[in-house]
1. Here's a check for you: in segment 24-39, which residue that is of a type in the set (A, V, I, L, M) and closer than 12 Å to Lys8 by Cβ is surrounded by the most Cβ atoms within 10 Å (Cβ to Cβ)?
2. Would you call Lys34 at pLDDT below 85 and among the basic types (Lys, Arg)?
3. Which numbered condition trips up Arg110, out of (1) part of a loop (DSSP other than H, G, I, E, B); (2) at pLDDT 90 or above; (3) under 21 Å from the mean Cα position of the chain (by Cα); (4) not polar (S, T, N, Q)?
Amino acid sequence: MKTITAAKARADLSDVLYRAGYGKERIAITRRGKTIIAVVVPPEDAALLEDLEDRADISALRKAEADYRTGRDRGRPAEEVFAEIDAAEKQPSLSHARGKKPVRPKAPRRK
């Protein structure tokens, strides 16, 4: 996987996108040459990751349903789950500390 700095990625964005989209390259972007902050991947790689995440979500859902049906997990009241979500949303995040509005994760897609 090729690695470039964020400054180089900004300066050569169209080239980076072309190499990932048509050249099928994976390009890691670093900040100050140290930490990888993002990776630009071909669309096929992104689709594969989405598919793997969907499969993991479906597997976890099936396990949770089986645990509930067999009595291994009695479940939780909706109010408790909503309170947990509200508390998590009130936690400051890194993007929030920079003055940006926190982004709520998207719900899994249904097929």
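1. Step one: of segment 24-39, the residues of a type in the set (A, V, I, L, M) are 27-29, 36-39.
Of the ones still in play, those that are also closer than 12 Å to Lys8 by Cβ are 27-29.
Numbers: Ile27: 21, Ala28: 15, Ile29: 19.
So the residue we want is Ile27.
2. Here the answer is yes, as Lys34 does meet what is asked.
3. Here Arg110 clears every test but (2).
The values are calculated or read from the model by the stated rules, or taken from the named source; none is laboratory data. As the structure is a prediction and not an experimental result, all values here were calculated from the model. Here the Cβ is made from the backbone with ideal geometry for all residues, glycine too, and neighbour counts use every protein chain on show.
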